[in-house]
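Okay, so here's the structure we're looking at.
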Amino acid sequence: MQEKLTSGGQTARTAQRHAMPRPNSAAAAPSRRAAADRPLRAAVLTTGSELMLGAMTDTNSAWLSARLAAKGVETVVHQSAGDDLELLVELFADGLRRCEVVVATGGLGPTEDDLTRLAAARAFGRKLRFRPELAAETAAYMSRRGFAVTANNFRQAWTPDGALAAPNPWGTAPVFCLEAPDRLMFFLPGVPQEMKNLTRSWVEPKLEAKFGQRLGVVKTFVLRAVGLGESAVDALLSDLLTASENPRLGLLAGSFETKVTAVVRARSDEEARRLAEPLLAEMERRLGPNCLGRRGQTIFEAVGELLAARGLRLALADSLTEGRAAALFSQATPPAQLAGAISAPPERGGAIERLAAEELGADLVGILSLRPAEGPAEGPTASAVILAAPGLSSTKAPGPGGLVEVVRQERRLLGA
């Protein structure tokens with residue numbers, strides 16, 4: 001039997017493989033009760049070869065994910081593709097198959113390499129349709145700004161058949177979305193300011209109208225652990241990391257700390273805090289003095305606050321991080337509390353300690369250098385002045401068990 005061709009030369013059989021979910025599809029449309037209980041997930045897709053070549057940084061994905069989280073939609077996929085029609089077809093089809101909400105940016109301009117409209121039509125087996133009202137909006141926008149309208153500007157007035165289209169008051173590219181019973185897929189310009197304005201004025205109201213009570217908030221709470229590497233934190237919290245689904249926990253290692261994140265889905269900020277509280281309290285208990293608490297402070301800010309509270313001045317001697325820690329400390333510590341910072345290669349560590357103490361006239365000398373561990377620090381305030389170098393990966397210094405000590409000398413002065 002001869003196969004009927006759709007737009008772009010795609011066969012009907014191929015188009016069916018990528019078709020939008022239908023109301024009578026058992027796989028794509030679960031029971032209403034099951035759908036209502038399931039958290040909304042999002043895919044954020046960015047297009048453009050300039051992103052693939054490193055010529056431009058993708059800032060759209062992070063911004064969109066934060067806006068979606070504020071509505072209770074958790075972004076679980078970030079994907080990008082260059083200006084390749086077949087790749088874009090697969091990208092769009094996969095995004096909508098995985099998630100209830102998809103936001104794609106880029107590729108809506110008037111040039112030959114703006115392929116989003118055609119890729120969206122092919123991905124879901126639809127024809128492209130010319131929209132005279134969108135062409136008129138584009139022409140009016142160009143005229144208001146004194147630009148001549150060329151024939152290729154009217155490419156932007158084509159959208160997939162059945163798409164809900166809207167003009168773009170901030171640019172020449174109209175936007176559109178495709179809808180299924182439990183899905184919404186938005187196509188926005190890649191220009192950040194246009195994308196942000198359209199998200200606020202068009203995308204978010206449509207999400208509220210479509211999903212209503214399923215929206216809420218996705219909040220992230222962060223604990224910072226110092227003096228412990230990522231593997232040590234994992235060992236202390238492993239049962240919580242695997243057992244908790246909401247909040248969902250994760251670890252993120254850094255040069256001077258390990259972050260523990262708790263991502264909570266809830267109806268409101270208040271409910272999110274209530275759900276997170278028991279787990280946060282238990283993690284604080286297990287991490288003990290190595291936990292800086294929930295205020296979001298870095299180790300440098302915590303030490304700076306202690307110094308300010310006691311009117312002490314600190315000189316920082318850094319022979320470990322090539323000045324990175326000194327720079328962070330100087331940014332976080334009140335100017336009156338930082339006498340100065342000196343950086344030198346590791347082999348000159350002892351010399352800069354003496355120089356910091358003698359020349360800068362500080363009450364305390366903070367040492368950042370690789371030293372053998374001397375066992376657990378004593379006292380409940382030790383974590384405020386001791387850092388671990390997790391895995392020593394950022395220092396390139398050999399040997400396990402090293403400690404990076406901050407305010408090693410006269411540490412008792414910082415005690416409660």
Practice prompt. Taking H placed 1.01 Å from N in the peptide plane, check which residues at least 5 places from residue 80 or on another chain put their amide H under 5 Å from its amide H.
Written response: 46
Discussion item. Check which residues have an amide H placed less than 5 Å from residue 168's amide H, if you skip close sequence neighbours.
Written reply: 175
Worksheet item: When a footprinting reagent is the concern and you count Cβ atoms within 10 Å, what order do 59, 116 take, fewest first?
Response: 59, 116
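Can you sort 314, 328 by how many other beta carbons sit within 10 Å, fewest first?
328, 314
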Worksheet, complete the sentence: Phi-derived 3J(HN,Hα) across region 299-304 with the Karplus relation (6.51, -1.76, 1.60, θ = phi - 60°), rounded Hz, x for Gly and Pro, is 4, 5, 5, 5, 5, x
Practice prompt. Please say if region 216-329 is rounded, prolate or oblate, where rounded means a/c under 1.5 for a ≥ b ≥ c the square roots of the C-alpha gyration tensor eigenvalues, and otherwise the choice is prolate for a/b larger than b/c and oblate otherwise?
Written response: prolate
Response to the item:
Listed with the fewest Cβ neighbours within 10 Å leading, 236, 85 appear as 85, 236
Practice prompt. Step through the residues of region 228-239 one at a time and calculate ³J(HN,Hα) from phi using the Karplus curve (6.51 cos²θ - 1.76 cosθ + 1.60, θ = phi - 60°), rounding each to whole Hz and writing x for Gly and Pro.
Written response: 9, x, 4, 5, 5, 5, 4, 5, 6, 10, 4, 5
Worksheet item: Mind checking the alpha-carbon convex hull of region 117-248 and giving the volume per residue in Å³?
Response: 193 Å³
Item to complete: Please sort by residue number the trypsin sites (Lys or Arg not before Pro) in region 124-223 whose DSSP state is loop and whose Cβ has at most 11 other Cβ atoms within 10 Å.
Response: 145
Worksheet item: For region 212-261, which GluC sites (Glu not before Pro) are in a loop by DSSP, counting at most 14 other Cβ atoms within 10 Å?
Response: 245
Discussion item. For region 64-168, place one equal point scatterer on every Cα, skip the solvent, and apply the Debye formula. What is log10 of I(q)/I(0) at q = 0.12, 0.14, 0.25 Å⁻¹?
Written reply: -0.49, -0.65, -1.33
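Every number in this text was worked out from the coordinates using simple rules, so none of it is lab data. Quantities reported herein were computed from a predicted structural model and do not represent experimental measurements. Every residue, glycine among them, receives a Cβ derived from its backbone with ideal geometry; neighbour counts consider all protein chains shown.
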